[in-house]
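Working notes for the structure below.
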Amino acid sequence: MTRIGVYPGTFDPITLGHMDIIRRGAKLVDRLVVGVTTNPSKSPMFSDDERLEMVRREVAGVDGDIAVVGFDSLLMDFAEREGASMIVRGLRAVADFEYEYQMAGMNQQLNARIETVFLMADVSLQPIASRLVKEIAVYGGNIAKFVSPAVKAEVDARVEKLGRRGER
């Protein structure tokens, strides 16, 4: 039986923290599906197609059977369609745990067959969040410590196109 895991997120943009969870999560399953979704409560910097392409490019060199798939549905419906037996989630801090614990409980109510597995973020990557990366970039800060060079170039170009806050 093939063990399939789903690692969901908006990945706007994909960070080194996300990549750490992808690398480690891929070792736990036979196939890891990185599910790129849109969160209606967030306003993304990149379109769905741009984020899918960005994630595909970033995971191309990672060991393991990794697929990148977009979805716009309940996570548990997506996981069921993908044949997943587990959801992989990364935790950075206690606040993450509280939110993720509640989500795992709700997801279990929707589909008790699919387990949620939490991976602690690497200590050096714990403070990284896509929201903060975008904020740093918008204010002209250097995001090179938080994303790959290719993602940095894409974020910088998008910020340049939109105009940095400090320059208005």
Identify, by number, the condition in (1) modelled with pLDDT of 95 or more; (2) in contact with an Asp or Glu (Cβ under 7 Å, 6 or more places away or on another chain) that residue 117 doesn't meet.
-> (2)
Which residues, taken from segment 53-74, are under 18 Å from residue 21 (Cα atoms) and of a type in the set (A, V, I, L, M, F, W, C)?
-> 54, 55, 59, 60, 62, 66, 67, 68, 69
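Matching residues to (1) farther than 24 Å from residue 146 by Cβ; (2) under 12 Å from the mean Cα position of the chain (by Cα); (3) touching a residue at least 60 places away in the same chain (Cβ under 8 Å):
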{"position": "1", "(1), (2), (3)": "yes, no, no"}
{"position": "4", "(1), (2), (3)": "yes, no, yes"}
{"position": "29", "(1), (2), (3)": "yes, no, no"}
{"position": "51", "(1), (2), (3)": "no, yes, no"}
{"position": "60", "(1), (2), (3)": "no, no, no"}
{"position": "77", "(1), (2), (3)": "yes, no, no"}
{"position": "90", "(1), (2), (3)": "no, yes, yes"}
{"position": "94", "(1), (2), (3)": "no, no, no"}
Name every residue in segment 140-168 that is among the hydrophobic types (A, V, I, L, M, F, W, C), over 20 Å from the mean Cα position of the chain (by Cα) and farther than 21 Å from residue 39 by Cβ, in order of residue number.
-> 157
Among (1) of a type in the set (A, V, I, L, M); (2) part of a strand (DSSP E or B); (3) buried (at least 17 other Cβ atoms within 10 Å of the Cβ), which single condition is residue 52 missing?
-> (2)
Using the structure shown, decide if residue 146 is under 21 Å from residue 51 (Cβ atoms), surrounded by 13 or more Cβ atoms within 10 Å (Cβ to Cβ) and not polar (S, T, N, Q).
-> yes
Enumerate the pairs (first residue in segment 35-49 and of a type in the set (A, V, I, L, M, F, W, C); second residue anywhere and part of a loop (DSSP other than H, G, I, E, B)) with beta-carbon separation below 6 Å, excluding pairs fewer than 6 apart on the same chain, so at least 6 apart or on different chains.
-> 36/11; 45/12; 46/12
From the list 137, 112, 129, pick out the single residue that is among the small types (Gly, Ala, Ser), modelled with pLDDT under 95 and more than 17 Å from the chain's Cα centre (by Cα).
-> 112
Mind checking which residues of segment 89-144 are outside any loop (DSSP other than H, G, I, E, B) and β-branched (Val, Ile, Thr)?
-> 94, 116, 117, 123, 133, 136, 138
Matching residues in segment 6-17 - criterion: being of a type outside the set (Phe, Trp, Tyr) and either buried (at least 24 other Cβ atoms within 10 Å of the Cβ) or assigned to a loop (DSSP other than H, G, I, E, B) (or both) | 6, 10, 12, 13, 14, 15
All but one of (1) under 22 Å from residue 136 (Cα atoms); (2) part of a loop (DSSP other than H, G, I, E, B); (3) of a type outside the set (Lys, Arg) hold for residue 29; which doesn't?
-> (1)
Could you please find all residues in segment 104-136 being of a type in the set (A, V, I, L, M), in contact (Cβ under 8 Å) with a residue 24 or more places away in the chain and either buried (at least 17 other Cβ atoms within 10 Å of the Cβ) or under 18 Å from residue 9 (Cβ atoms) (or both)?
-> 114, 117, 119, 120, 121, 125, 128, 129, 133
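The values are calculated or read from the model by the stated rules, or taken from the named source; none is laboratory data. Please read all numbers here as calculations on a predicted model, not as lab measurements. Virtual Cβ from ideal backbone geometry, glycine too; neighbours counted across all protein chains shown.
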